[in-house]
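Notes to accompany the following structure.
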């Protein structure tokens, strides 16, 4: 499993989240607190989505099987 946090090259107790590229300060209890910083619009939207607990629904299927319209019927189906 890949590490989620990367230590900042020049700042102590500052870590960069590999998922969103934002900087976080490590607290004394071991949790991470986001540092106020300039963000891209996509980073802001992702941050709000995570805080709200919203899960995005996509139209793509992620299963191994194709969509019904993409499947070719074989002898068992004819």
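Starting from 0.36 nm per residue, how many nanometres of slack lie between residue 44 and residue 18 once their C-alpha separation is accounted for?
Here the segment from residue 44 to residue 18 would lengthen by 7.8 nm.
For residue 34 and residue 11, FRET efficiency with R0 = 25 Å and r from the beta-carbon atoms, rounded to 0.05?
Efficiency at R0 = 25 Å is approximately 0.95.
Using Cα pairs under 8 angstrom and six or more residues apart, how large is the relative contact order of the stretch 1-50, in percent?
20 percent
A short reminder: the numbers here are calculations on the coordinates, not readings from a lab. The model shown is predicted, which means the values in this text are computed figures rather than measured ones. With ideal geometry, Cβ positions are generated from the backbone for all residues, glycine too; neighbour counts draw on all protein chains shown.
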